1. For residues that are surrounded by fewer than 20 Cβ atoms within 10 Å (Cβ to Cβ) and in a helix (DSSP H, G or I), scanning just the range 144-168, find the one that is farthest from the chain's Cα centre (by Cα).
2. Does any residue of the range 58-66 turn out to be at pLDDT 85 or above and farther than 28 Å from Gly115 by Cα?
3. Being of a type outside the set (S, T, N, Q), over 15 Å from Ile183 (Cα atoms) and surrounded by fewer than 24 Cβ atoms within 10 Å (Cβ to Cβ): is that true of Glu234 here?
4. Criterion first (surrounded by fewer than 18 Cβ atoms within 10 Å (Cβ to Cβ), of a type in the set (S, T, N, Q) and touching a Pro at 6+ places or on another chain (Cβ under 6 Å)) does Thr284 satisfy it?
5. Does Trp210 satisfy the criteria of being of a type in the set (Phe, Trp, Tyr) and at pLDDT below 95?
6. Answer yes or no: is there a residue in the range 42-49 that is under 21 Å from Asn126 (Cβ atoms) and within 21 Å of the chain's Cα centre (by Cα).
7. Taking only pairs six or more apart or across chains, which ones have beta-carbon atoms under 6 Å, a first residue in the range 104-119 that is more than 22 Å from Leu261 (Cα to Cα), and a second residue that is among the aromatic types (Phe, Trp, Tyr)?
8. In this structure, is Ala243 farther than 23 Å from Phe150 by Cβ, at pLDDT 95 or above, of a type outside the set (S, T, N, Q) and within 15 Å of the chain's Cα centre (by Cα)?
Amino acid sequence: MVVTRETGPLQQQLDAADIPVTVLGRRRRLSLVAYRRARRAAQGCDLIHAHKFSSNVWGALLARMSRRPLIVHEHNWSGTPSRLRSFLNRRWIAPVTSHFVCVSAPVAHQVVGDGVPAHKVHVLPNAIPPGRPMARRAARQELGLPATAFVVGIVARLRPEKNHELLLRAAARLVTAHQAVTICAVGDGPRRAFLETLAEDLGIADHLVWAGERRDAGRLAAAFDISVLCSTWEGLPLVALEAMAAGVPVIATAVGGLPELLADGAGVLVPPGDADCLVSAIATLRATPDLAARIGAAGRRRVRDQHDLPSTVARLDSMYAEATEAQVVIR
């Protein structure tokens, strides 16, 4: 495995499995030292699998230099067209990859719109490993949450596209209407100070628990009565799958792959940026526990039936075999 920037928690798991890891420590877009190290690693492999746009660009370069087969994986699309991104997808990445893997149909639609040949584009939804989430009481203790509170959780980096302020404003309106809620924000990021100030201004600071970055966030989903995603754009977020697997009803903005994931009663969709609809959705599930339970159960079935990790790994393994057998002309 080659990591272009810096290491992280995953390296401990890879080390335990005796999988070699090369960390490039790249600090600039173009780094000759990082490129040389990456090229050496690529020449020692049978196939290159790159993830996300900037690494896909690097992967296309390494595939050309090492003459190794390439699979690229696109996880997100911001919804904002980019001529440079379209050009690089069409003219630089697509010619040397056999499989352009996308986590949802909307992401695949954008990639095809960029000019990538449709026969190279494959939708492979995200999946999560089977596991047992932590029990509700234990998860609440771990996060410092009141045992009997109605808790709305949001698990996301504190970044602009996650739009935490939409949930904070909705929570303020619920509190004003005497519908007490506790908001638990799991994650950290550059907007922490801004969001803390906003919570103070809205008068809901006492209703928030800032849980910080958690490596075990997926196991803690059962601590929530509802899990909310307010994003302005997404691919197919793992946090939604983890909440659904725990039987927690998900309310999410209708962006990226979320409409398909939550269709047919497996969750609740609200328009992006619409505080009125978010307030209504939270209040409805708070007032009707039976409905919340039915949605949670439907979500759990959806993940079990359509997003199990063994099936996803088997599909990816088939793509690896196809890529190594394909005769992609590298130029």
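1. Glu165
2. no
3. Answer is no for this residue.
4. Against the criterion (surrounded by fewer than 18 Cβ atoms within 10 Å (Cβ to Cβ), of a type in the set (S, T, N, Q) and touching a Pro at 6+ places or on another chain (Cβ under 6 Å)), Thr284 does not qualify.
5. In short, no.
6. Yes, the range 42-49 has at least one match.
7. Val116/Phe100
8. Answer is no for this residue.
The values are calculated or read from the model by the stated rules, or taken from the named source; none is laboratory data. Worth saying up front: this structure is predicted, and the values here are computed from it rather than measured. All Cβ positions, glycine included, derive from the backbone under ideal geometry; neighbour counts span all protein chains shown.
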